[in-house]
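First up is the structure itself, then whatever we jot down about it.
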Amino acid sequence: MSAKVTPNKRILLIWPPGIAGADWMLFPLAFGFLRNHADCDILDCTLTPLSPLEIAQRASAYDLVGITVWGFNVRTVQHLTDLIHQHTNAKVVVGGPSAGLVKADYALLGEAEEKFGELAAQVLSGGNAADLSIQGLGINGKSQAKMPASFTGDLDELGLVDYGALGLGRYNAAGYKYWLYTLSDKFTTGPMMATRGCPYKCTFCAAPALQGVKLRKHSVDYVLATIEDLYFNHDVRQISFLDDNLTLDAAWAKDLCVSLIKLKEAKGMEFICSTSNGVRYKTLDDELLGLMRRAGWGEIVLAPESGSPRTLERMKKYVDLDVLEEKAALAKKNGLNTVGFFIIGYPGETPEDLEMTRAYIHQSGLTRTLVNWFNPIPGTPIYYDLVEAGEIDPEQIEINYGSIDKLDYLTPGLTKDDLRAFDAAVKSRSAFTDMKFADLLSVNAA
């Protein structure tokens with residue numbers, strides 16, 4: 001791990017408004033790594049709701065303020081950044097999936113954990129950030145949405161996360177849950193990432209821009225140490241892997257599962273595991289699925305995204321739907337529930353494409369499905385395509401998953417009634433069905 005920056009001047013990290021809803025919230029996991037590289041205070045606006053002006057007033061006691069930016073809170077963060085500039089002398093650095101779309105003093109694209117400490121030391125000592133050779137650093141309020149990002153080499157060097165300092169207990173008390181969130185068991189949840197990177201080029205996804213295209217992995221020992229900390233010090237009973245590609249390296253994934261099984265047996269631990277962002281279907285085989293079941297998985301997420309070959313081509317989602325069905329059947333054979341992710345209303349989609357997806361959902365053998373309406377997420381390739389084509393206004397677009405009526409973008413040829421009819425046609429397969437963990441297992445035992 002690089003040396004920790006301990007400046008005389010203070011740093012505030014803000015987990016801003018707009019990343020929690022009535023039944024969901026995101027956990028500031030990245031702040032745990034940032035704290036390992038610079039002494040920071042944290043203002044979590046999920047746990048401590050404040051108005052933008054109140055947040056700016058809190059920021060006035062600091063010299064450097066870091067704010068995380070997601071596709072659905074770009075305008076909120078821009079407004080907050082402007083208020084901080086109006087009411088304080090603090091410099092603002094933004095990071096996160098959509099950092100390049102906010103005009104701040106500095107933007108760190110990609111994985112900012114190590115680079116943040118370097119930037120903070122330079123800025124707080126009165127130095128010029130332009131003298132730093134940091135890839136992915138934007139300076140002086142310029143939007144750098146397509147600038148090359150910076151990525152970490154050895155993930156273990158980032159250090160272990162202090163979950164207590166991030167308020168994990170308060171999050172769980174407030175109802176935090178990440179996937180398996182329809183379970184009535186209410187497992188205490190602990191999020192972590194064991195791998196980073198995605199070599200695929202799906203046009204709706206920002207993962208390669210955020211994490212790079214090369215798969216990098218924590219050591220299995222690091223993963224086990226994190227799980228032991230979550231289990232024994234934070235009473236966590238659901239380990240939520242936030243990885244996009246946990247099983248991409250099948251040999252490593254099998255080693256991880258074997259190690260989890262041994263850990264449970266050696267220390268009498270009982271916990272379940274989830275991979276909420278999905279697993280790569282091609283690498284799944286009988287051995288890996290059996291190990292995942294024994295290690296604590298009761299459900300895996302697969303992501304066909306569409307049953308229409310035309311839509312898949314537009315998404316650059318190169319998936320063999322027949323093979324995916326075979327993998328779903330293999331998962332069921334090993335006692336694993338399957339959830340399928342789908343996107344409807346993708347640019348260029350037609351009612352015929354929707355019908356193909358509806359039919360696939362009912363024939364695929366997937367136990368449950370989660371259907372999202374298409375939203376042009378800032379920072380994704382399709383977002384830039386739509387902006388350049390004049391189909392969306394980047395100053396007006398809002399990301400919305402809560403209501404079809406509030407969707408800002410609808411592809412020509414489809415109506416909101418088409419989306420409503422689709423949802424009704426697949427409602428019986430919805431993942432939003434209250435279940436117990438044992439229910440997931442019994443589905444596949446039948």
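Scanning segment 70-105 for residues that are among the hydroxyl-bearing types (Ser, Thr, Tyr) and within 23 Å of PHE27 (Cα to Cα) turns up THR76, THR81, SER98.
PHE232 satisfies every condition listed in (1) within 30 Å of GLY175 (Cβ to Cβ); (2) open to solvent by 60 Å² or more (accessible area, probe 1.4 Å); (3) within 20 Å of the chain's Cα centre (by Cα) except (3). In the list ARG420, ARG429, which residue meets the criterion of being open to solvent by 70 Å² or more (accessible area, probe 1.4 Å) and under 19 Å from LEU354 (Cα atoms)? That would be ARG420, the only listed residue that is open to solvent by 70 Å² or more (accessible area, probe 1.4 Å) and under 19 Å from LEU354 (Cα atoms).
Tell me yes or no: at least one residue of segment 172-188 is assigned to a helix (DSSP H, G or I) and either surrounded by fewer than 20 Cβ atoms within 10 Å (Cβ to Cβ) or on the phi > 0 side of the Ramachandran plot (or both).
Yes, that holds for at least one residue.
Regarding ARG358, is this residue in a helix (DSSP H, G or I), under 22 Å from ALA424 (Cα atoms) and either touching a residue at least 12 places away in the same chain (Cβ under 8 Å) or under 23 Å from the mean Cα position of the chain (by Cα) (or both)? So ARG358 passes the test.
Pairing each residue of segment 223-234 that is under 13 Å from PHE271 (Cα atoms) and at pLDDT 95 or above with any residue that is open to solvent by 40 Å² or more (accessible area, probe 1.4 Å) and in a helix (DSSP H, G or I), provided the two are 6+ apart or on different chains, yields C-beta distances under 9 Å for GLU228/LYS267; TYR231/LYS267; PHE232/LYS267; HIS234/GLY169. A single member of VAL387, VAL319, VAL323 is over 16 Å from VAL279 (Cβ atoms) and open to solvent by 10 Å² or more (accessible area, probe 1.4 Å), and it is VAL387.
Of all the criteria given as (1) open to solvent by 20 Å² or more (accessible area, probe 1.4 Å); (2) closer than 19 Å to THR203 by Cα; (3) out of contact with any Gly (no Cβ under 6 Å at 6 or more places or on another chain); (4) part of a loop (DSSP other than H, G, I, E, B), the one not satisfied by ILE399 is (3). Please work out if LYS264 is within 21 Å of the chain's Cα centre (by Cα), open to solvent by 20 Å² or more (accessible area, probe 1.4 Å) and not β-branched (Val, Ile, Thr). Judged against the criteria, LYS264 is not a match. Closer than 28 Å to TRP373 by Cα and under 20 Å from the mean Cα position of the chain (by Cα) - does that describe any residue in segment 212-227? The answer is yes, given that some residue of segment 212-227 is closer than 28 Å to TRP373 by Cα and under 20 Å from the mean Cα position of the chain (by Cα). If you check LEU302 against the conditions, is it in contact with a helix residue (DSSP H, G or I) (Cβ under 7 Å, 6 or more places away or on another chain), free of Cβ contacts under 8 Å to residues at least 60 places away in the same chain and of a type in the set (A, V, I, L, M)? Judged against the criteria, LEU302 is not a match.
Among the residues of segment 81-104, write down those that are over 22 Å from the mean Cα position of the chain (by Cα) and under 22 Å from ARG35 (Cα atoms). Answer for segment 81-104, where residues must be over 22 Å from the mean Cα position of the chain (by Cα) and under 22 Å from ARG35 (Cα atoms): THR81, ILE84, ALA90, LYS91, VAL92, ALA104.
The values are calculated or read from the model by the stated rules, or taken from the named source; none is laboratory data. Everything numeric in this text was worked out from a predicted model, so none of it was measured. Using ideal geometry, Cβ is built from the backbone for each residue, glycine included, and neighbour counts are taken over all protein chains shown. When the accessible area is computed, the model is the full protein with side chains, heavy atoms only, and any ligands, DNA or RNA have been set aside. Shrake-Rupley method; radii C 1.70, N 1.55, O 1.52, S 1.80 Å.
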